[in-house]
Amino acid sequence: MSNTYFRFKQFIVHQGRCAMKVTTDGCLFGAWVADKIQDREPGLKVLDIGTGTGLLSLMLAQKNPTAEIEAKEIDKEAASQAAENVNMSPWKEQVSVMHTDAKLYSTNKNYDLIISNPPFYEDELKSHDDSKNIAHHSSALTLDGLLGIIKKSLSENGSFYLLLPYKRQEELPALFNKHSLLITEKTLVRQTTRHDYFRVMLAGTHQSNPVKEQHAREISIKNEQQEYTPEFTSLLKDYYLSL
């Protein structure tokens with residue numbers, strides 16, 4: 001059974017009522033994004049789509065104390081627990097959690113930054129647990145649908161960040177082109193230096209922005225001795241108690 005909470009250096013994430021638990025790759029993604037944007041201008045308007053436990057919003061708030069973060073979650077119990085996690089944190093004034101379907105939520109507001117660790121799987125075997133299906137499968141929000149929301153909600157010069165399964169790489173260029181979005185940065189993730197890639201962390205913006213795609217980089221979570229790599233440690237040292 002998963003732990004009912006995960007303790008970080010500056011906050012605690014309770015997860016007993018969330019189907020999507022705190023994962024190492026999710027923590028890596030949150031730290032990666034926070035590192036990318038911590039020197040951005042103050043007052044960033046951030047949208048977290050499918051916040052789950054609220055993990056990503058809290059990690060970004062820790063490094064960006066002036067950011068205004070809106071976290072949306074379709075599952076009622078997860079949204080409630082995310083709100084509790086935020087209210088127990090030092091950043092309850094800058095992070096707001098909303099129980100809503102991102103596809104149906106209508107606003108004319110644009111965001112400087114959009115982040116998402118979306119449901120991973122489409123057209124694959126599902127469980128009998130509806131909350132797990134929402135958290136892990138994208139029948140509620142497909143990648144195509146997510147990119148449509150990003151296209152509509154991202155400010156003219158804004159950026160978005162996604163964590164996706166590596167195996168979905170082949171379908172990405174056509175989907176991003178359909179929504180006039182551009183991948184500007186790509187980091188491939190391995191469990192260890194001996195494993196193949198299993199996740200890809202993406203940064204992007206509108207195609208209308210004059211930004212060139214950077215060469216793909218890579219990061220391994222652990223080395224052959226099952227120790228965290230220096231790259232992983234550098235990103236997570238401000239969050240993990242053990243680092």
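Where a number appears in this text, it was derived from the coordinates with a stated rule and is not lab data. Please read all numbers here as calculations on a predicted model, not as lab measurements. Methodologically, a virtual Cβ is constructed for each residue, glycine included, from the backbone with ideal geometry; neighbour enumeration extends over all protein chains shown.
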Note down the nm distance, to one decimal, between modelled labels 7 Å out along Cα→Cβ at Ser180 and at Thr23. 3.3
Need one number: nm distance between label points at Tyr166 and Lys92, each 7 Å from Cα along Cα→Cβ, rounded to one decimal. 4.1
Strictly over 21 Å apart at the Cα level, which of Lys21/Lys186; Lys45/Lys152; Lys36/Lys178 would you flag in this model? Lys21/Lys186; Lys36/Lys178
Under the 7 Å Cα-to-Cβ spin-label approximation, Gln207 and Thr233 lie apart by a distance in nanometres of 4.4
